[in-house]
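The values are calculated or read from the model by the stated rules, or taken from the named source; none is laboratory data. Keep in mind that what you see is a predicted model, and the values were worked out from it rather than measured. Counting neighbours? That spans all protein chains shown, and the Cβs are built from the backbone with ideal geometry, glycine included. Heads up: the accessible areas ignore ligands, DNA and RNA and are worked out on the full protein's heavy atoms, side chains in. Shrake-Rupley method; radii C 1.70, N 1.55, O 1.52, S 1.80 Å.
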Number of protein chains: 2
Amino acid sequence: MSAAYHPSGIPPHSRAPPMLTLYDVPGHTPQPWSPNIWRVRFILNFKRLRYRTVWVEFPQVESTLASIGAPPSGLSSSGRPIYSLPVLIDPTHNPRAPKILSNPNTIAEYLESAYPARPVFPEGSRAMQTLFVHYIQEVFAKPLLPIMVPLSHQQLPGRTQEHFRGSMPAAVLSGPQREEAWKAVKYQFDFLATILDKNTGDGDGVVAMGDEVSYADFALCSILIWIQRMAAQDGWARVRTWNNGRWHRLWERCKEYMDEF
Amino acid sequence: MSAAYHPSGIPPHSRAPPMLTLYDVPGHTPQPWSPNIWRVRFILNFKRLRYRTVWVEFPQVESTLASIGAPPSGLSSSGRPIYSLPVLIDPTHNPRAPKILSNPNTIAEYLESAYPARPVFPEGSRAMQTLFVHYIQEVFAKPLLPIMVPLSHQQLPGRTQEHFRGSMPAAVLSGPQREEAWKAVKYQFDFLATILDKNTGDGDGVVAMGDEVSYADFALCSILIWIQRMAAQDGWARVRTWNNGRWHRLWERCKEYMDEF
């Protein structure tokens, strides 16, 4: 019985443990790029769980999730259910009624409870980690959107671009507008660096908490991966040098959990 | 040699350890009320440090701080130094050149380093705690300002009110406007409750991290004290019942550190 990755996604032998399935959206290369999905992929890799990726283009996300009975990941302000990725299927405990989860925080908490070895939430820190990730998503990453959303959009498969036409900002920023946008991004990185610097002496000075990577670092590094995959030259080439190379060091600390199955 | 509190603030005997001094602003009662200053008072009480309070009314803050050589607590957006309370003086290590600190975060970090017993930052959590407190101050407490600032202003000594005339909102909200403002406050409390609920099972379910109170709880409870002292009936009477009494339980957990010297 081999625990190695099998390209078909089907275990080569019936006694092989069933595999987890992660639903992801393809970009312009075979490399995963979406930060919310990387957050889950990091946890799967960190916990050394066997999984395979199923690729679903944006226009098929809602119908695919409906067909597998995935719950909505949240509600819109008007109360309408939102279907979005990541979605994770875990058949391990009951292959006939696999666990189907959506929303990255829900998946993270599930994985931590179901697979407590190699914890991503240091003891007693679930609330603090969750608030940190909320902050990364809602405050820290906000000024990246006007830069990264059009850049990402441009690099999605053609059908996906058609699907979003009209609802996504089409114009990639250029010239002084782009520089202004990067300035707002740098302000957030600078501020977060002063916060993370508090751990120098009380932690390893790179990760968000103590000496080991945790959910907070995975959320942060997922943003770095997004920048690197969708804006390698104009984005990651800048960011990696900021704050005395702090973000490059974080990348290096997370690198061993960047496997792509 | 007695370690008890001496009303003059001067140790009764030269061999008594020198006392720390906390500068605070008076309200309408002898009870301290300012949330930023409570954050420091909580730490002093929690660490069982001997201190006395010196009361300075708002109009005298800047000149008082200048006379004792206190550093500014920050810089305004125009680069002008800001002088504000709390300020802490610690003569313990060198009575001839006492340590003078401003800015609650700076004071908190100093106290933790100088008096490491009974830590307020659980190991490796300085960055996480600091971000939590930043969030409490900049996001969570924001909708309280239109309610609490005029209420607090109304209850400050007359000279202070004169000092602020024109620069502070004078109108205490009433009727539907007040209800709308409380609704925005409740939204923040509800959201923070869902975050803190993550620790049920992984902590005691009341405090922000693990099973013991920490800097994050003191920052949060300082806001509750502000509400209780300046809006007992309309404010604390509401808040203490929200989220199944979570905030009342936090108050009870912090109560033993609410001494006022």
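Nearest beta carbon of chain A to the A-to-B rotation axis, with distance in whole angstrom: A:M128, 2.
Once the partner protein chains are put back, region A:201-215 shows a loss of at least 40 square angstrom of accessible area, versus the chain by itself, at A:D202, A:M209 (probe 1.4 Å, ligands and nucleic acids excluded). Take the alpha-carbon centre of region B:69-101, take the same for region A:42-77, and report the distance between them in whole Å. Cα centroid to Cα centroid, the span is 52 Å.
For the pair A:E252 and A:F191, label points projected 7 Å from Cα toward Cβ lie 2.8 nm apart. Buried surface for the A/B pair, taken as the accessible area of each chain alone minus that of the pair with a 1.4 Å probe, is close to 2300 Å² in total. With K and R counted +1 and D and E -1, the other residues having a Cβ less than 12 Å from that of B:D24 yield a net charge of +1. Working from Cα pairs under 8 Å separated by at least six residues, relative contact order for region A:126-257 is 25 percent.
Dipole check for chain A: with +1 at the C-beta of Lys and Arg, -1 at the C-beta of Asp and Glu, and the Cα centre as origin, the magnitude is about 420 Debye. In this assembly of identical copies, the label point of B:M258 (Cα plus 7 Å along Cα-to-Cβ) is separated from its counterparts by 5.1 nm, sorted shortest first. Across region A:126-257, counting alpha-carbon atoms alone, Rg and Dmax equal 15.7, 51 Å. Surface composition of the protein assembly as shown: carbon plus sulfur atoms contribute 54% of the solvent-accessible area (1.4 Å probe, protein chains only, all chains present).
For region B:126-257, the residue among B:I136, B:Q155, B:A184 whose Cα projects farthest onto the positive side of the dipole built from Cβ charges is B:Q155. Do you know which residues of region A:107-131 lose at least 10 square angstrom of accessible area in the protein assembly compared with their chain on its own, with a 1.4 angstrom probe? SASA drop of 10 Å² or more in region A:107-131: A:E109, A:E123, A:G124, A:R126, A:A127, A:M128, A:T130, A:L131.
The Cα atoms of chain A give a gyration tensor whose axes a ≥ b ≥ c have a/c of 1.5 or more with a/b no greater than b/c, which makes the shape oblate. Of all complete DSSP H helices in chain B, those with a Cα span along the helix axis of 20 Å or greater and a mean Kyte-Doolittle hydropathy of 0.0 or more are B:215-230. Relative contact order of chain A: 21 percent, from C-alpha pairs under 8 Å at least 6 residues apart in sequence. Count Lys and Arg as plus one, Asp and Glu as minus one, and take only other residues whose Cβ is under 14 Å from that of B:E252; the net charge is then +2. Accessible area per residue for region A:126-257, computed on protein heavy atoms with a 1.4 Å probe, is 42 Å².
Near the amide H of B:L156, within less than 5 Å, lie no amide hydrogens of residues on another chain or at least 5 residues away, with H placed in the peptide plane. The sum of -39500 (n - 2.57) across all DSSP H runs of n ≥ 4, divided by the residue count of chain A, sets its helix-only mean residue ellipticity at 222 nm to -13500 deg cm²/dmol. In the neighborhood of B:I89, defined by Cβ-to-Cβ distances under 14 Å, what is the net charge if each Lys or Arg adds +1 and each Asp or Glu adds -1? Net of charged neighbours comes to +2.
Any idea what the dipole of region B:145-215 comes to, in debye rounded to 20, about its Cα centre with Lys/Arg Cβ at +1 and Asp/Glu Cβ at -1?
Around 560 debye, computed over region B:145-215.
For region A:151-224, the square roots of the Cα gyration tensor eigenvalues, ordered a ≥ b ≥ c, give a/c of at least 1.5 with a/b no greater than b/c, which places it in the oblate category.
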